[in-house]
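Shown next, in structure tokens, is the structure this report addresses.
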Amino acid sequence: MDRAAISAGLFTHAVVHVADVGEADFDFIVEVGYVDPGGYEAIADQFETIRRAHVTRPVDGLLLRDLGEIVGERRFTPQAWA
């Protein structure tokens, strides 16, 4: 779905950051960049259209909800360094 959101111009990027084993209280972080500064709320209707068209593909017979849970959400503002 992230790839579709990038193609639709809703996200600037999507990246998965995997934690080193034993180094963090999470396994991975999914980072997405929103084109609209309003974040998800600004694109929710458009993203729901993508979600409805999405075909779920199990991983070894497991769905995302079987593999883990979302434990938090954070907003960051990128800062450019000269």
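The values are calculated or read from the model by the stated rules, or taken from the named source; none is laboratory data. These numbers come from a predicted model, not from an experiment. As a convention, Cβ positions derive from the backbone with ideal geometry for all residues, glycine included, and neighbour counts pool all protein chains shown. When the accessible area is computed, the model is the full protein with side chains, heavy atoms only, and any ligands, DNA or RNA have been set aside. Shrake-Rupley method; radii C 1.70, N 1.55, O 1.52, S 1.80 Å.
At 0.36 nm per residue, minus the direct Cα-Cα distance, what do VAL35 and LEU67 gain on full extension? Give it in nm, one decimal, please.
8.6 nm
What ranking do 65-78, 45-58, 27-40 get when scored by the average of other Cβ atoms within 10 Å per residue, highest first?
Those peptides, ordered most packed to least, come out 27-40, 45-58, 65-78.
If you take every residue apart from ASP27 with its C-beta less than 13 Å away from the C-beta of ASP27, what net charge results, scoring Lys and Arg +1 and Asp and Glu -1? All intermediate terms of the calculation are to be shown ahead of the outcome.
Details: positive: none; negative: ASP20, GLU23, ASP25, GLU69.
Computed value for this residue: -4.
Taking only protein heavy atoms and a 1.4 Å probe, what accessible area per residue, in Å², does the stretch 43-82 have with all protein chains in place?
On the way: 4220 Å² over 40 residues.
In whole numbers, the stretch 43-82 has 106 Å² accessible per residue.
What shape does the chain have by the C-alpha gyration tensor, where a ≥ b ≥ c are the square roots of the eigenvalues, rounded means a/c under 1.5, and otherwise prolate means a/b greater than b/c and oblate the rest?
Since a/c reaches 1.5 but b/c is at least a/b, the shape of the chain is classed as oblate.
Grab the beta carbon distance between ARG51 and GLN79, set R0 = 25 Å, and tell me the FRET efficiency rounded to 0.05.
Values: r = 31 Å, r/R0 = 1.24.
Calculated value: 0.20.
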